[in-house]
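Every read-out reported here was derived from the displayed coordinates using simple, explicitly stated rules and does not represent laboratory data. None of the values given here were measured: they were computed from a predicted structure. Because the Cβ atoms are built from the backbone with ideal geometry, glycine has one as well, and the counts that use them run over all protein chains shown.
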Amino acid sequence: MSPGSAGFAYYPDNGLDIDISSDVFIDEGYGRNQHILLNEISHALGLKHSFEGMTTLVTDLDSFSNTVMSYTSGGSAGDVLGLLDLNAIRYLYRARLPRGGRSPAGTGTRPA
């Protein structure tokens with residue numbers, strides 16, 4: 001982990017020859033920070049930051065209220081997964097809610 005980092009996680013398929021896929025590391029000073037924990041666990045599940053790479057979120061959506069992968073609070077603490085996080089994880093893992101079921105975050109979203 002780089003000096004000054006709050007946490008670090010390996011992506012599920014990181015291309016390395018050693019078995020550290022999805023390993024998460026948190027600096028001991030941040031172990032109770034829900035946003036850091038969710039952000040790093042989300043990396044381990046395969047999510048990237050919302051503002052990095054070729055595909056990014058528009059500024060209006062890039063905030064904690066939509067995704068823990070943002071660095072912009074937007075008036076939210078970032079201590080729960082946002083709807084964009086939940087949908088990305090569902091997409092990556094092809095998860096489907098039970099017929100008529102609610103999402104784990106209680107957002108009321110229904111499966112397509």
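The table for this structure:
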item	result
Total formal charge among the other residues, if their Cβ is under 13 angstrom from that of Asn66, Lys/Arg +1 and Asp/Glu -1	-3
Only Lys, Arg (+1) and Asp, Glu (-1) charged, at Cβ; region 7-93 dipole about Cα centre in debye	280 debye
Least to most buried among Thr72, Thr59, Thr67 (fewest other Cβ within 10 Å first)	Thr59, Thr72, Thr67
Shape of region 7-93, Cα gyration tensor, a/c cut at 1.5	oblate
